[in-house]
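Novice: First the structure, then my questions, so here it is.
The values are calculated or read from the model by the stated rules, or taken from the named source; none is laboratory data. Note that the coordinates shown come from a computational prediction; the quantities given were computed from them, not determined experimentally. Cβ: placed from backbone, ideal geometry, glycine included. Neighbour counts: every protein chain shown.
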Amino acid sequence: MDDPEPEVLVAAMAAGEERALERLFDRFSGAVFAVAFGILGNDADASEVTLDAFTHAWIRAADFDLRRGSVATWLTVLTRSRALDRIRARRSRLARVEKASAREGGRPAMGSGPEPVDGVVETRERRGHLHTALKGLSGVQRRAIELAFYEGLSHTQIARRLGVPLGTIKTRIRTGLRKLRDILGPSYSGEWS
């Protein structure tokens, strides 16, 4: 039995002979891989599907029926089925990621992650420019803007805290924002209007 027929190897596999699986793999793995690669277009996925197909062939060897087709046909069907399952799983995973991305507005399941280095540098530069620009405001304007933007207080809350009329607070903030826009220049104009 140097070169047994594929059907004999499958029967031996059904009897639990691992060597029969090895021989079947040696004989058909190239063709099975080619089918998987033709469907998936990716070496890694095709390799995994090839292993899945032969694993399934080992487990279901007793179900093989020569009347329904040759061993090559059986392996091709197993391979095609597993490759299509992988494509469906990939599409389903992508659809879930896209849905989560749209819902959460970011990278799902991974959080927002660290800010890119160029973003960190830009943020630090902007903070420095803003800190310098705030020094160019009068003390009352700077305090009103700090309470509004850094502490998140409403105009009414600022007026109460500082004991100043609401209209005065609104004027200080509006005037202070205009000065900041003038000091910071056109690159910041959209942020202070």
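Novice: Inside region 63-100, can you point out the residues that are under 30 Å from Phe37 (Cβ atoms), at pLDDT below 90 and not charged (D, E, K, R)?
Specialist: Once the filter is applied, which keeps residues that are under 30 Å from Phe37 (Cβ atoms), at pLDDT below 90 and not charged (D, E, K, R), region 63-100 yields Ile87, Ala89, Ser92, Leu94, Ala95, Val97.
Novice: Is it the case that Pro186 is within 30 Å of Leu40 (Cβ to Cβ) and at pLDDT below 75?
Specialist: Numbers: within 30 Å of Leu40 (Cβ to Cβ): no; at pLDDT below 75: yes.
Judged against the criteria, Pro186 is not a match.
Novice: Here's a follow-up. If you check every pair at least six apart or on different chains, which have Cβ atoms under 6 Å apart with a residue in region 169-193 that is closer than 14 Å to Ala148 by Cβ first and a residue that is small (Gly, Ala, Ser) and at pLDDT 85 or above second?
Specialist: Close Cβ pairs satisfying both conditions: Ile169/Ala144; Ile169/Ala159; Arg172/Ala144; Ile173/Ala144.
Novice: On to the next question. Of all residues in region 149-175, count the ones that are at pLDDT below 90 and not in a helix (DSSP H, G or I).
Specialist: 6
Novice: Another one. So for region 80-93 (the condition being touching a His at 6+ places or on another chain (Cβ under 8 Å) and of a type outside the set (Lys, Arg)), does at least one residue qualify?
Specialist: No, every residue in region 80-93 fails to be touching a His at 6+ places or on another chain (Cβ under 8 Å) and of a type outside the set (Lys, Arg).
Novice: Within region 51-69, work out how many residues are without any contact (Cβ under 8 Å) to a residue 24 or more places away in the chain and acidic (Asp, Glu).
Specialist: The initial filter retains those residues of region 51-69 that are without any contact (Cβ under 8 Å) to a residue 24 or more places away in the chain, namely 51, 55, 59-60, 63, 65, 67-69.
After this cut, where a residue has to be acidic (Asp, Glu) as well, the list is 63, 65.
Within region 51-69, residues that are without any contact (Cβ under 8 Å) to a residue 24 or more places away in the chain and acidic (Asp, Glu) number 2.
Novice: Can you tell me which residue is farthest from the chain's Cα centre (by Cα) among those in region 60-77 that are assigned to a helix (DSSP H, G or I) and loosely packed, with under 13 Cβ neighbours inside 10 Å?
Specialist: Per the stated criteria, the residue is Arg67.
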